[in-house]
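A.B. asks: The structure follows.
Values in this text are rule-based calculations from the coordinates and carry no lab data. For clarity, every value in this text was computed on a predicted model and none was experimentally measured. Backbone-built Cβ (ideal geometry, glycine too); neighbour counts: all protein chains shown.
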Amino acid sequence: MTATVIDGKAFAASVRAQVAAHVARLKDENGITPGLAVVLVGEDPASQVYVRNKGVQTHEAGMNSFEHKLSVDTSEADLLALIATLNADPAVHGILVQLPLPKHLDSDLVINSIDPAKDVDGFHISNVGLLGTGQKSMVPCTPLGCLMMLRDHHGSLAGMNAVVVGRSNIVGKPMAQLLLGDSCTVTIAHSRTKDLAEVCRRADILVAAVGRPEMITGDMVKPGATVIDVGINRIEKDGKVRLVGDVHYESAAAVAGAITPVPGGVGPMTIACLLANTLTACCRANGLAEPEGLTA
Ligand code: NDP
């Protein structure tokens, strides 16, 4: 079997187009422009690239982008004061603090100071609790993107066996909650899981969010399964730096029914879902109907 490739790049473009169309209607009919504030502390090169991309795509969707670049030695008090200002600003519907923060700043404290209604990353403890209890929340962007791709590919996910490898707060755990919300039978695997290959082979849906290059190989995949590769790893091969996922693509694609590539799979969906979340937050803040198909 050769797997169907789930084209995250094309799907993300269609999500961004839906967001842009909705934003245009909001402007025309309600005179409202959604706004996303991104806060970057320090000069981590990867974070700078992410923030720049977010700004460009926010503008392209017709939204306002507010970038706050703070020096690496910014005090916690100053950062919290900025977040309080953004919380109170009616032109700001979404706030994202780029992680990781410099070590002297308490990430949990900072994230939990964001107004949960503006927490477009879905990391605030209130949103974590709302998601865990099946209530309306802001959903973390990467797992939301994975869910959208799975729903698009399968329609209903009810009754499917899903295995999520990885239990981080930003990917693994919310991914498992979302799959449970769609009535999958969910297993979460991690570094202490016994016989990981056997656990993975039970999956109709296998999500890899591990951070280990090409760790999930074809012999760990059930024939016909859908494989979602969240991993982004830079490795050196033949003297060149290459981007690979947590899944060994060639061997897994030979067994799976469908698979996301790296790059061009989950990655582009993350920013698309950030835009979708900002739009959702704006609609909720203004008591307007939420965009269909862009939330969990
Ligand atoms: P974390 O390092 O926070 O979590 C990794 C998880 O994998 C942990 O739960 C860990 O288990 C588990 N794990 C590690 N080694 C093994 C192993 N040998 N067998 C089974 N499980 C193992 O990573 P993240 O969740 O933040 O990210 C995961 C990957 O996704 C990374 O490659 C990251 O770059 C990528 N990513 C991609 C995004 C995108 O936009 N596409 C966004 C966010 C992340 P334990 O808890 O027991 O230690």
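A.B. asks: Isolated Cys in the chain by the 4.7 Å beta carbon test?
C.D. replies: Here C146, C184, C200, C282, C283 come out as lacking a disulfide-compatible partner, given the Cβ-Cβ threshold of under 4.7 Å.
A.B. asks: Moving on to the next point. Please list, in chain and number order, the residues 5+ apart from R242 or on another chain whose amide H is under 5 Å from its amide H, with Hs placed from the backbone.
C.D. replies: Excluding prolines and chain starts, which carry no amide H, the hits are I235, E236, K237.
A.B. asks: Hey, another quick one. Applying the Karplus parametrisation 6.51 cos²θ - 1.76 cosθ + 1.60 with θ = phi - 60° to the phi angles of region 69-79, what ³J(HN,Hα) value in whole Hz is obtained for each residue in order, glycine and proline being reported as x?
C.D. replies: 9, 10, 5, 4, 9, 4, 7, 4, 4, 5, 5
A.B. asks: Considering the dipole of region 30-121 built from charges on the beta carbon (Lys and Arg +1, Asp and Glu -1) around the Cα centre, which of A77, T33, I95 is farthest to its positive end?
C.D. replies: Result: T33.
A.B. asks: Between T133 and A17, what is the label-point separation in nm under the 7 Å Cα-to-beta-carbon projection?
C.D. replies: Inter-label distance under the simple model: 4.0 nm.
A.B. asks: Rounded to the nearest 20 Debye, what is the dipole magnitude of region 30-121 about its Cα centre when Lys and Arg each give +1 and Asp and Glu each give -1 at the C-beta? Write out the running numbers ahead of the final one.
C.D. replies: Values: 5 positive and 13 negative charges, 55 e Å.
The calculated dipole for region 30-121 is roughly 260 debye.
A.B. asks: Using θ = phi - 60° and the Karplus relation 6.51 cos²θ - 1.76 cosθ + 1.60, list the HN-Hα couplings for region 183-198 in order, rounded to whole Hz, with x at every Gly or Pro.
C.D. replies: With the stated coefficients, region 183-198 comes to 6, 7, 8, 10, 10, 10, 9, 7, 5, 9, 5, 8, 6, 4, 4, 5 Hz.
A.B. asks: Using modelled backbone amide H atoms (1.01 Å from N, in-plane), which distant-in-sequence or interchain residues come within less than 5 Å of N161's amide H?
C.D. replies: T185, D204, I205
A.B. asks: If eta is 1.567 mPa s and T is 4 °C, what Stokes-Einstein diffusion coefficient results for region 30-121, Kirkwood Rh from Cα pairs, in µm²/s?
C.D. replies: Numbers: Rh = 13.4 Å.
Once the numbers are plugged in, D ends up at 96 µm²/s.
A.B. asks: Rounded to two decimals, what is the ratio between the C-alpha radius of gyration of the chain and 2.2 N^0.38 Å?
C.D. replies: Working: Rg = 19.1 Å, N = 296, 2.2 N^0.38 = 19.1 Å.
So the Cα radius of gyration is 1.00 times the expected 2.2 N^0.38 Å.
A.B. asks: Spelling out what I want: for every residue of region 170-177, take phi, set θ = phi - 60°, compute 6.51 cos²θ - 1.76 cosθ + 1.60 (Karplus), and round to whole Hz; glycine and proline get x.
C.D. replies: With coefficients 6.51, -1.76 and 1.60, one gets 8, 10, x, 5, x, 4, 4, 4 Hz.
A.B. asks: Another one. Using amide H atoms built in the peptide plane, which far-off residues or other-chain residues are under 5 Å from T4 H to H?
C.D. replies: Placed amide hydrogens put A258, I259 under 5 Å from T4.
A.B. asks: Positive end of the dipole of the chain, charges at C-beta (+1 Lys, Arg; -1 Asp, Glu), about the Cα centre: which of G257, N53, G211 has its Cα farthest in that direction?
C.D. replies: The Cα lying farthest towards the positive end belongs to G257.
A.B. asks: Just need the relative contact order of the chain here, percent rounded to a whole number, with Cα pairs under 8 Å and 6+ apart.
C.D. replies: Working: 605 pairs, mean separation 65.3, N = 296.
Result for the chain is 22 percent.
A.B. asks: So how long is each side of region 110-195 along the principal axes, counting just the alpha-carbon atoms, biggest first, in Å?
C.D. replies: In descending order, the Cα extents are 39, 33, 20 Å.
A.B. asks: Related question: Quick check for me: using +1 on Lys/Arg Cβ and -1 on Asp/Glu Cβ, what's the dipole size of the chain about its Cα centre, in debye to the nearest 20?
C.D. replies: It comes to approximately 460 debye.
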